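To start, the structure under review is shown below, and the notes come after it.
The values are calculated or read from the model by the stated rules, or taken from the named source; none is laboratory data. The model shown is predicted, which means the values in this text are computed figures rather than measured ones. Heads up, the Cβs are rebuilt from the backbone with ideal geometry, glycines too, and the neighbour counts pull from every protein chain shown.
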Amino acid sequence: MKTPRSFYEPLAVGAPAPYQTLPVQLERMIHFVPPHNEKVRAKIPELATKVDVILGNLEDAIPADQKLAARKGFIAMAEATEFGDTGLWTRINSLDSPWMLEDVLEIVPAVGDKLDVIMVPKVNGPWDIHYLDQLLAQLEARHGLKKPILLHAILETAQGVENVSAIASASPRMHGMSLGPADLAASRGMKTTRVGGGHPLYRVLSDPDGSDAARSAYQQDLWHYTIARMVDACVAASIKAFYGPFGDFQDAEACEAQFQNAFLMGCAGAWSLHPSQIDIAKRVFSPEADEVDFAKKILDAMPDGSGAVMIDGKMQDDATWKQAKVIVDLAKAVAAKDPDQGARYGF
Ligand code: GLV
Ligand code: MG
């Protein structure tokens with residue numbers, strides 16, 4: 001195990017020092033784009049004003065014969081665009097693929113100074129993070145990068161879930177983690193063909209009551225356990241948890257419900273794979289105005305965050321003060337970045 005001090009040492013002579021705390025960023029949606037598509041690339045500057053993060057996808061969904069075009073396209077879109085405070089991420093190919101090494105070796109020298117986060121698919125354990133950690137430090141040193149490129153793991157293998165805490169705390173380069181329900185379902189041998197969301201057959205039945213009336217069935221959340229495990233592992237390591245993709249673009253309501261569950265359980269954002277999901281994520285991952293009003297009342301009633309008060313018949317104490325602070329801090333971050341949403345909070 002590394003000693004505490006060496007944990008924060010650069011891994012190569014001349015590489016930038018790792019962050020001790022993560023840069024504060026509003027990341028309600030990680031918006032995926034296919035960078036080999038020229039028409040999509042032409043829209044990136046406009047898109048950058050509408051989303052919190054743009055991610056150039058190089059992995060799954062990019063056909064094998066377009067992998068090199070996607071990599072070149074990502075470099076082109078990174079060079080051509082001023083992203084302002086919108087995050088620029090890429091999802092590289094998996095570590096065992098024929099493309100991953102060149103993804104990193106070409107992208108970091110070309111646009112490493114603009115790249116905030118590399119999303120790493122199919123992470124099985126901390127060893128995957130250690131490998132990239134060292135490689136990135138060497139490249140950062142060679143190319144004179146001033147700030148470290150962060151890593152974001154996709155939690156999408158059964159082995160990854162077994163090792164989730166070790167992955168979360170593998171390196172100060174860790175930004176966060178996203179649940180990848182499609183690959184995880186395949187890896188676990190779950191009997192589904194969906195990308196995220198519920199399943200009508202995953203349910204409990206009400207007890208038989210002796211009558212002939214149909215018993216009520218209650219659909220359960222297939223992802224509850226994994227999201228809870230991921231959130232605890234991430235927050236314990238001071239990094240961020242995200243819900244990943246929702247594949248049924250027609251079913252905005254179910255997408256919203258999935259995002260909402262993730263938000264309530266502690267996730268900071270979700271992926272948007274289709275433009276229609278951008279607004280869903282914006283709405284869901286910005287707190288409700290009446291929740292913010294109530295949270296402000298709690299903070300105002302307990303200026304030093306201690307003691308106990310009653311507000312609207314509900315008991316408040318140090319713990320609810322902390323809950324309120326989470327909501328008010330998020331609302332402030334939303335108001336600073338997104339005046340449309342922020343106007344609802346009256347700061
Ligand atoms: C995402 O990559 C997934 O597999 O769900
Ligand atoms: Mg996947």
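Identify, by number, the condition in (1) within 16 Å of ligand 1 (Cβ to nearest atom); (2) outside any helix (DSSP H, G or I) that ASP103 doesn't meet.
(2)
In the range 140-164, which residues are more than 17 Å from VAL231 (Cβ to Cβ), within 14 Å of ligand 1 (Cβ to nearest atom) and buried (at least 20 other Cβ atoms within 10 Å of the Cβ)? Break it down stepwise before answering.
So in the range 140-164, the residues more than 17 Å from VAL231 (Cβ to Cβ) come out as 140-151, 157-159.
With the extra rule that they be within 14 Å of ligand 1 (Cβ to nearest atom), the set shrinks to 157-158.
Listed by number, the list holds a single entry, THR157.
Restricting the range 165-201 to residues that are assigned to a helix (DSSP H, G or I) and within 13 Å of ligand 1 (Cβ to nearest atom), which is farthest from HIS274 (Cα to Cα)? Walk me through how you get there before you give the answer.
From the range 165-201, those assigned to a helix (DSSP H, G or I) are 165-168, 181-188; that's our starting set.
Those left that are additionally within 13 Å of ligand 1 (Cβ to nearest atom): 181-188.
On the way: PRO181: 17, ALA182: 16, ASP183: 19, LEU184: 21, ALA185: 21, ALA186: 23, SER187: 25, ARG188: 26 Å.
The selected residue is ARG188.
Taking only the range 162-190 into account, find how many residues are touching a residue at least 60 places away in the same chain (Cβ under 8 Å) and closer than 19 Å to ALA137 by Cα.
Kept after step one, since they are touching a residue at least 60 places away in the same chain (Cβ under 8 Å), are these residues of the range 162-190: 164-165, 167-169, 171-183.
With the extra rule that they be closer than 19 Å to ALA137 by Cα, the set shrinks to 167-169, 171-176.
Residues in the range 162-190 being touching a residue at least 60 places away in the same chain (Cβ under 8 Å) and closer than 19 Å to ALA137 by Cα: 9 in total.
Hey, could you check the range 317-347 for residues that are out of contact with any Leu (no Cβ under 9 Å at 6 or more places or on another chain) and among the aliphatic types (A, V, I, L, M) and say which is surrounded by the fewest Cβ atoms within 10 Å (Cβ to Cβ)?
ALA319
Assess whether GLY160 counts as being modelled with pLDDT under 95, touching a helix residue (DSSP H, G or I) at 6+ places or on another chain (Cβ under 9 Å) and not in a strand (DSSP E or B).
On the way: modelled with pLDDT under 95: no; touching a helix residue (DSSP H, G or I) at 6+ places or on another chain (Cβ under 9 Å): yes; not in a strand (DSSP E or B): yes.
Judged against the criteria, GLY160 is not a match.
Can you pull out the residues in the range 51-74 that are buried (at least 16 other Cβ atoms within 10 Å of the Cβ) and among the basic types (Lys, Arg)?
Of everything in the range 51-74, those that are buried (at least 16 other Cβ atoms within 10 Å of the Cβ) and among the basic types (Lys, Arg) turn out to be LYS67, ARG71.
Condition first: among the β-branched types (Val, Ile, Thr) and touching a residue at least 40 places away in the same chain (Cβ under 8 Å). Can you find one or more residues in the range 91-104 that meet it? Before the answer, list the steps.
Let us first name the residues in the range 91-104 that are among the β-branched types (Val, Ile, Thr), namely 92, 104.
Filter again for touching a residue at least 40 places away in the same chain (Cβ under 8 Å), leaving none.
No, because not a single residue in the range 91-104 is among the β-branched types (Val, Ile, Thr) and touching a residue at least 40 places away in the same chain (Cβ under 8 Å).
Show the residue pairs that are 6+ apart or on different chains and have beta-carbon atoms under 8 Å apart, the first residue being within the range 209-221 and surrounded by fewer than 10 Cβ atoms within 10 Å (Cβ to Cβ), the second being not in a loop (DSSP other than H, G, I, E, B).
Within 8 Å, the pairs are TYR218/ARG203; TYR218/VAL204; TYR218/LEU205.
Does at least one position in the range 89-110 carry a residue that is away from ligand 2 (no atom under 16 Å from the Cβ), over 24 Å from LEU135 (Cα atoms), of a type in the set (A, V, I, L, M) and assigned by TED's automatic domain parsing to the domain that holds GLU156?
no
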